[in-house]
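In what follows, a single structure is set out as structure tokens and then discussed.
The values are calculated or read from the model by the stated rules, or taken from the named source; none is laboratory data. Computed from a predicted structure; not experimentally measured. Cβ coordinates were reconstructed from backbone atoms using ideal geometry, including for glycine residues, and neighbour counts include every protein chain displayed. The area values use the complete protein model at the heavy-atom level, side chains included, leaving out ligands, DNA and RNA. Shrake-Rupley method; radii C 1.70, N 1.55, O 1.52, S 1.80 Å.
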Amino acid sequence: AAQGLLGSVPGTNVGVRNMFNTNALGMGIHGREAYNLDVSNPQQIPPLYTSVGGNAFKNQTTWTSPYATMNQANIVIKGAATATGLSDAEREAMKGFAETIKALELFYVIRQTDESGAAVDALESPTMDPPPIVSKAEVYTAILSYLDDAKTHLDAGGASFSFTMPTGWAAFNTPPKF
């Protein structure tokens, strides 16, 4: 579950990797400094160049992928407390890792929604009432809170993670480095 937060499980709507493929282009298009020249995929033109509403995949990505990843991070945090076979340090490292990913995903959201604000956490269940949308300042406060919590957990996380980080994360593959 922790590895999935990085998007190392292709075909899922969870993970940091899922925002990389649309984030830069989507933000550039909305900011009018980018244009998708892929004429073989015309579905991208109407929703991004003509409106911000509707059910366009690229517009929904702002919400679906980050909050799905945040929900999985919440599951990892809750599960770390009761997972068998982990030392206390490994539990802390896993919690710190997941809190950091939550902060990153929330940053992706507010970077796109800006003054419109955002919800600061994912729903536990899709049948719950929607969370409140808070101001940009409150979102940044939540991001800093997640990072502070992450640092506390990572500082108590020992020398290694209980899971394998992908090779692209070699510079951040232990709790102290992360």
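Of all residues in segment 132-150, which are farther than 10 Å from Lys95 by Cα and among the charged types (D, E, K, R)? Outline the logic, then answer.
Of segment 132-150, the ones farther than 10 Å from Lys95 by Cα are 132-148.
Answer for segment 132-150, where residues must be farther than 10 Å from Lys95 by Cα and among the charged types (D, E, K, R): Lys136, Glu138, Asp148.
Of everything in segment 51-83, what is closer than 16 Å to Ala150 by Cβ and either modelled with pLDDT under 85 or not β-branched (Val, Ile, Thr) (or both)? Give them in sequence order.
Met70, Gln72, Ala73, Asn74, Lys78, Ala80, Ala81
What about Pro176, is it more than 18 Å from the chain's Cα centre (by Cα) and exposed (fewer than 15 other Cβ atoms within 10 Å of the Cβ)? Steps first, answer last, please.
Working: more than 18 Å from the chain's Cα centre (by Cα): yes; exposed (fewer than 15 other Cβ atoms within 10 Å of the Cβ): yes.
Against the criterion (more than 18 Å from the chain's Cα centre (by Cα) and exposed (fewer than 15 other Cβ atoms within 10 Å of the Cβ)), Pro176 qualifies.
Could you please find all residues in segment 107-123 being modelled with pLDDT under 90 and either basic (Lys, Arg) or under 10 Å from the mean Cα position of the chain (by Cα) (or both)?
Tyr108, Val109, Arg111
Are any of the residues in segment 117-132 assigned to a helix (DSSP H, G or I) and on the phi < 0 side of the Ramachandran plot?
no
Is it the case that Asp155 is on the phi > 0 side of the Ramachandran plot and open to solvent by 60 Å² or more (accessible area, probe 1.4 Å)?
no
Identify the residue in segment 140-152 that is touching an Asp or Glu at 6+ places or on another chain (Cβ under 8 Å) and not aliphatic (A, V, I, L, M) and, among all such residues, is least open to solvent (accessible area, probe 1.4 Å).
Tyr146
Among the candidates Ala137, Ala171, single out the residue that is over 30 Å from Ser87 (Cβ atoms), open to solvent by 60 Å² or more (accessible area, probe 1.4 Å), out of contact with any helix residue (DSSP H, G or I) (no Cβ under 8 Å at 6 or more places or on another chain) and free of Cβ contacts under 8 Å to residues at least 60 places away in the same chain.
So the residue among Ala137, Ala171 that is over 30 Å from Ser87 (Cβ atoms), open to solvent by 60 Å² or more (accessible area, probe 1.4 Å), out of contact with any helix residue (DSSP H, G or I) (no Cβ under 8 Å at 6 or more places or on another chain) and free of Cβ contacts under 8 Å to residues at least 60 places away in the same chain is Ala137.
Within segment 139-176, how many residues turn out to be in a helix (DSSP H, G or I), hydrophobic (A, V, I, L, M, F, W, C) and modelled with pLDDT under 95?
Residues in segment 139-176 being in a helix (DSSP H, G or I), hydrophobic (A, V, I, L, M, F, W, C) and modelled with pLDDT under 95: 4 in total.
Would you confirm whether or not segment 84-106 contains a residue that is at pLDDT below 95 and open to solvent by 70 Å² or more (accessible area, probe 1.4 Å)?
Among the residues of segment 84-106, at least one is at pLDDT below 95 and open to solvent by 70 Å² or more (accessible area, probe 1.4 Å), which makes the answer yes.
Which of the following residues is without any contact (Cβ under 8 Å) to a residue 24 or more places away in the chain and among the polar types (S, T, N, Q): Thr164, Thr127, Thr152, Thr100?
Checking each option against the conditions leaves just Thr127.
Inside segment 108-133, can you point out the residues that are in contact with a helix residue (DSSP H, G or I) (Cβ under 6 Å, 6 or more places away or on another chain) and loosely packed, with under 13 Cβ neighbours inside 10 Å?
If the condition is that a residue be in contact with a helix residue (DSSP H, G or I) (Cβ under 6 Å, 6 or more places away or on another chain) and loosely packed, with under 13 Cβ neighbours inside 10 Å, then Glu115 is the only one that fits.
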